[in-house]
2 protein chains.
Amino acid sequence: MLLSALLTSVGINLGLCLLYITLYSILRKQPGNITVYAPRLIAEHKGERRRQFNLESLLPSAGWLRQAWQPTEGELLSLFGLDAVVFMRIFIFSMRVFSFAVIVGIGILLPINYLGTQLSDDSDLANTSLDTFSISNVNDGSNWLWVHFSAAYIFSGVVCYLLYYEYSYISDKIISCFYSCKPLPHDFTVLVRGISTSSGHTVSEDVESFFTECYPSTYLSHSVVRRTSKLQSLRSDAEKLYRKLAHLKSNRDARRRFTREGPLGLFGRQVDLADHYEKKLVDLEERVRIQQSLLAGQEVPAAFVSFKSRFVAASTLHIQQRINPTKWVTEQAPEPQDIHWAFFSTSFFRRWICNLAVVAACIAITILFLIPVVIVQGLTNLDQLETYFPFLKGLLELTFISEVITGYLPSLILQQFLSLIPPVMVVLSSMQGYIAFSQIQKSACIKVLWFTIWNVFFANVLSGSALYRVSLLLDPKNIPMVLAEAVPGQASFFIAYVVTSGWTSLISSELFRLCPLIFHFLAKVFARENDEEFKVPQIPYHKEIPKIIFFGVLGTTYFFLAPLILPFLLIYYCMGYIVFRNQLLNVYVTKYETSGRFWPIVHNSTIFSLVLMHIIAIGIFGLKNLPLASGLMVPLPVLTLLFNQYCQKRFLPLFKAYPAECLIKKDRENQNDPTIGEFYNKLATAYEDPAMKPTQHSLSTDSRSTPLLQGAESENLA
Amino acid sequence: MLLSALLTSVGINLGLCLLYITLYSILRKQPGNITVYAPRLIAEHKGERRRQFNLESLLPSAGWLRQAWQPTEGELLSLFGLDAVVFMRIFIFSMRVFSFAVIVGIGILLPINYLGTQLSDDSDLANTSLDTFSISNVNDGSNWLWVHFSAAYIFSGVVCYLLYYEYSYISDKIISCFYSCKPLPHDFTVLVRGISTSSGHTVSEDVESFFTECYPSTYLSHSVVRRTSKLQSLRSDAEKLYRKLAHLKSNRDARRRFTREGPLGLFGRQVDLADHYEKKLVDLEERVRIQQSLLAGQEVPAAFVSFKSRFVAASTLHIQQRINPTKWVTEQAPEPQDIHWAFFSTSFFRRWICNLAVVAACIAITILFLIPVVIVQGLTNLDQLETYFPFLKGLLELTFISEVITGYLPSLILQQFLSLIPPVMVVLSSMQGYIAFSQIQKSACIKVLWFTIWNVFFANVLSGSALYRVSLLLDPKNIPMVLAEAVPGQASFFIAYVVTSGWTSLISSELFRLCPLIFHFLAKVFARENDEEFKVPQIPYHKEIPKIIFFGVLGTTYFFLAPLILPFLLIYYCMGYIVFRNQLLNVYVTKYETSGRFWPIVHNSTIFSLVLMHIIAIGIFGLKNLPLASGLMVPLPVLTLLFNQYCQKRFLPLFKAYPAECLIKKDRENQNDPTIGEFYNKLATAYEDPAMKPTQHSLSTDSRSTPLLQGAESENLA
């Protein structure tokens, strides 16, 4: 790629970004778009849904930037919880890393690369190939390469220092959050799975007798899990019907309340829709009640067991309860609103098999993903299209159409396939037997990350079949050389990738929320009921974190190969920092918390990218006839991995469980708390399946705040 | 190797074994040898040290065989503890495996191999090469190979079933042992290392305040560790001197009590030795007391903390105590007599570095072991010897001498180097920061096992430099082919190895105890003091288990390649079973227990040998032009590894910690036990360093049962 081409691409994307930002600053002020741009505020009843129109709202403004900038980290923590803070720390960490990288890369390495003559390209600056700025241009065996060598060592040191600092900073935050929070149900509760009952006893009886015997002074209560997926679908039907009814009743336009009985509502006797719905609702609720009474007996061999003390709950987690370690398996209970009630696989053996199958499926999807994509893309081949659909022949002969099909369609297909991956990974993760949405999200995050690294980084770097890339892994000796030959050549591709997939897609899809905006617009035009419930989104960590991390992997890998990528990355992180702060304030809500457990993923992938950089460095210095540098590079990955192991030992335990010291201190505090009795009462019912709570729509259809709705709301928003 | 050569070798070794057995059955009846052949009985005061001579004792007899056969497993358990039972289970397991293997291998596979014509060797049976009995003789592409294929599948299934059965059998034993044992100090105690003290407090104060605050109702006591290696050496000097003195005083021969003051006791004034020793002893004890008072202040930041409940002790083990997981690290306390007081590294960081260094050192020793051996063996080259030591020239020209040097010396050197390995591994393991002899032994056992597999199996199979073998590991694709080409050729070597290193060395060194016998004889001849203390040995698990397992690895690997090895192995295991039962009854004592924790090593190495067999099978079927069988073999190692993972999940947790159910049940039992108060009193002082206990030799030199000796005895034998 030539420098001029890069500048054109950057210019176009910069223009697009500015356009989107301007549009955003105008559209966000329009009252009709508030459900798109500030759903969080509506949920908190801060946003006014209908505002008066005025001319000022049509002018672009930068007030949102100031608003997004203002909150301190403490405020973010109290408003959005630890996960959001950790999410923002990824940007802060990356900005620090790449500020340093830009100084070293652009200030020192880039001039050295440019002054090399290996590629002997002496034309003017605009026509310079981008490779001139990469390490490929430094002459073989040149002593200037020792600067790159030192830069790799220093950069690794700085990144490791920053990693250590972040890990320890977030650890401190976890502890202080734990100390400052009020009693939370999930700290006092464990989930016991795979309960084997003695003959003649129900699960509930066995759980009760075991825990009262073993923990007589601290056992509080338990609730046995029931399989309620059918009941849940019935209830959600009832709820929808109830909403329709409520909307109908509140509607002043009486005409709409009547329809005809016949097909399509066109023929037959005229009926009152409200009466019709009410009858249906009564019927549905009767079925819900029958299901509930049926399910009361259908126990799943799993139960949430609550204790009066955090410490005892934690110790039951850590000690194997029964002689057979595959029975009565305890695990940390998630927050009540975080439970994924639908999937509740309980048998240890089945979960183990599911886990293995999912891991195998993930590996298969990751490795073989490009094969179906390439086949589908092959279908867009013009000749094939003409064979399959002869009637298109005339159309396909138009230059414009054929250009779109051959030039744009393949990349569109790839994008569509790629956007399928996060949901697919979520489905796979949920099959692994996790019981919390947050656990599923975390597991999906890891899967999406490795998928991205394999199918974006390695697929572009190592052109060739998927099997060729796998076979490389089976030949570890040659990895450095193969990577060193392939990676530098793709620098310009990845610069363009950062600009398009980073900048523009961040602004258009995250800030401007293009898809929700279009849906909102379509709903307005086509749907009659504008007041329909809308969902306040939660940050899709499993989609966003892998993207952000992947740019970090690119930056670290290319740091000393092609430093030209670094400023673009730094700009991306700065934009991301401000955009996501804005979206946190306006768009997203925190439904559940993982207490910062996403950070280890960031840490590990940064270590991975450092080691990848070192491996490439070993290969590069070998190729550049500097075997000494190549050999001296070998200790660096070893040291990095040792550093990683130390960090795992020093910090990771805190991301898995709280230490006894903290638990006992909090327990003691609570003993003197007069409100703890009330909390225990709530705790006893906190882990009941919401589907098993009584319904009473039809009895109180005139009031909006029925118990069921409250339950549903607390389920969604708490 | 020809069949006749094998038969000769078997005959010679069989003869040697019978000779040793006959000699053993005679010598064990001689009163003078009782310290060699029945030290356990002496320690238990069952053996009579002086018996009347009679003629019958000069005749060989097989009474010991009957005695060794008699005890049931329950008796073994109550007499020698769980470790000894697990050790004997290795033999039982191996006998079962190889009984089945012999039936299939000799009954089915051997005739098929022999009827093949690939090696086209049609001479008479005695001159047949052993390769005729191996899979190499089956014709390429022959359908008979499917029998081998099925045998591999069936054998793997049977071994896995037996492994599962053994794991579950030993698990049950562990639980029933735990239920039946009386309260043991180490169940109530944890070791806390890396204690960080707050300023102005001693370790003892901080431990006391932390545990009384966190576990007010169950905390019992603690004892801080002190660095006592210097004190220990002083005490052992004092003890030796005291014994000399006691011996001297009890000696009726008064002449010996006097010696002269001058050099070598030949010149100068005559003195009473007893007086002289007594003065020295008083002096030494004064120094011991000074050291003790000095050390009372020198605390190591580690302490044994005892609780009133097993369950609380176990839960402190599992939960991280402090916010910093590298401080106040808890681990299971070993039995008091099992503690390796000398090495007490406490800093988490230092232990981590030591661990890494030891692992690196082990890998280096294992991989590079043969290099120094080969160099030293090179020195036995006759020409070189003549160059270095010209005066030997005449001697070396004698045929006999030169034959011994070239033929026997290299293998002797290799044996000497090999026999150094277990002690070296013990030293390395003790540097890893383990605090118990049993942990060191277990860790050394694993190290010796891998060393043996690498340096006996792979070094013989893959001739070539160590680096060549390592480079193979870096090229995983080719491993099956390389192994399939190399392994079958070494079958005859390993048959000879089983016969010499298995049969003869088992009988000569284990049953006949050749080395202790020689030492005993030399001591009798040269040392004046015959009544000197003798040590009752403990089974050197770290030496024996790797040997036994290694034969299993050989048998499994060669099961379908060269089934001729199997009967020899079966005989080895039968002999080992009876010999070790005999030695347990007569020779060894149990000083400390690991509660069966050696079994997972046996399990894992059996799985390893199965997978090794499968990999070789994949290669062999490929070489034999049966690619379908080669491909169908691939699921077998995968299934085996899955089986292994399941076993780890199902059984391994019990080998690490007892479940809450058992702990709470035992705790409850003890609450009603009237003697528990007394046990708590003992527990409070159980973990005091024996070196810190008061000494009082000089005050009571006339009585043998001084407190120090009692302490030392309980340390050695309890």
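Below are the figures for this structure:
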read-out	value
Kirkwood estimate for the stretch A:351-423, i.e. one over the average of 1/r between Cα atoms, Å	14.4
Label spacing, shortest first and in nm, from A:Phe391 to its equivalents in the remaining copies (7 angstrom along Cα→Cβ)	11.1
5 angstrom amide H check on A:Val587, placed H, neighbours 5+ away	A:Arg40
Nonlocal amide H pairs with A:Ala436, under 5 Å, H built at 1.01 Å	A:His340
B:His340 versus A:Phe391: modelled label distance in nm, points set 7 Å from Cα along the beta carbon direction	8.3
Alpha-carbon centroid distance for the pair the stretch A:1-31 / the stretch B:173-239, whole angstrom	67
Inter-copy separations for B:Gly74, label at 7 Å along Cα-Cβ, nm, ascending	7.1
Distance violations [Cα-Cα > 24 Å] among A:Lys249/A:Lys279; A:Lys665/B:Lys308; A:Lys477/B:Lys624; B:Lys447/B:Lys591	A:Lys477/B:Lys624
Of B:Leu628, B:Gly576, B:Thr72, farthest towards positive along the dipole that unit charges on Lys, Arg, Asp, Glu beta carbons give chain B	B:Thr72
In the stretch B:525-619, GluC sites (Glu not before Pro) in a DSSP loop with at most 14 other beta-carbon atoms within 10 Å	B:Glu529, B:Glu532, B:Glu533
Around A:Pro185: net Lys/Arg minus Asp/Glu count, Cβ-Cβ under 9 Å	-1
Exam field: B:Leu472 pseudo-label spacings to other copies (7 Å along Cα-Cβ), nanometres	2.8
C-alpha center-to-center spacing [the stretch A:653-668, the stretch B:563-580] in angstrom	54
For chain B, size of Cβ-based charge dipole, Lys and Arg +1, Asp and Glu -1, in debye	1220
Percentage relative contact order, chain A, counting C-alpha pairs under 8 Å, at least six apart	25
Which of A:Val487, A:Ala459, A:Ser438, positive extreme of dipole for the stretch A:416-524 (C-beta unit charges)	A:Ser438
Cβ-based net charge around B:Glu213, under 15 Å, with every Lys or Arg adding one and every Asp or Glu removing one	-2
Value of relative contact order over the stretch B:351-420, rounded to a whole percent, pairs C-alpha under 8 Å and six or more apart	34
Net charge of Cβ neighbours under 15 Å - reference B:Leu396; Lys, Arg +1; Asp, Glu -1	-3
Cβ-placed point charges (K, R +1; D, E -1), dipole of the protein assembly as shown about Cα centre in debye, nearest 20	2020
Sites B:Ser196 and B:Ser233, calculated FRET efficiency, Cβ-Cβ separation with R0 30 Å, nearest 0.05	0.50
C-alpha center-to-center spacing [the stretch A:460-529, the stretch B:88-118] in angstrom	57
Exercise: per-residue mean of other protein chain Cβ atoms within 10 Å, B:654-660	5
Span-rule helices in chain A, defined as complete DSSP H runs reaching 24 Å or more along the axis (Cα) with Kyte mean at least 0.5	A:3-27, A:73-104, A:145-180, A:348-368, A:409-431, A:565-586, A:599-623
Nearest-20 debye value, the stretch A:105-237 charge dipole, Cβ charges on Lys, Arg, Asp, Glu	800
Per residue, the convex hull volume that the Cα atoms of the protein assembly as shown enclose (Å³)	283
Per principal axis, descending, Cα span of the stretch B:65-164 in whole Å	58, 31, 17
Charge dipole (the protein assembly as shown, unit charges on Cβ, about Cα centre) - positive-most of A:Met425, A:Thr326, A:Ile405	A:Thr326
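Laboratory data are not the source of any read-out in this text; all were calculated from the coordinates shown. In this text the structure is predicted, and so the values were computed from the model without any measurement. Reconstructed Cβ throughout: ideal geometry from the backbone, glycine too, with neighbour counts over all protein chains shown.
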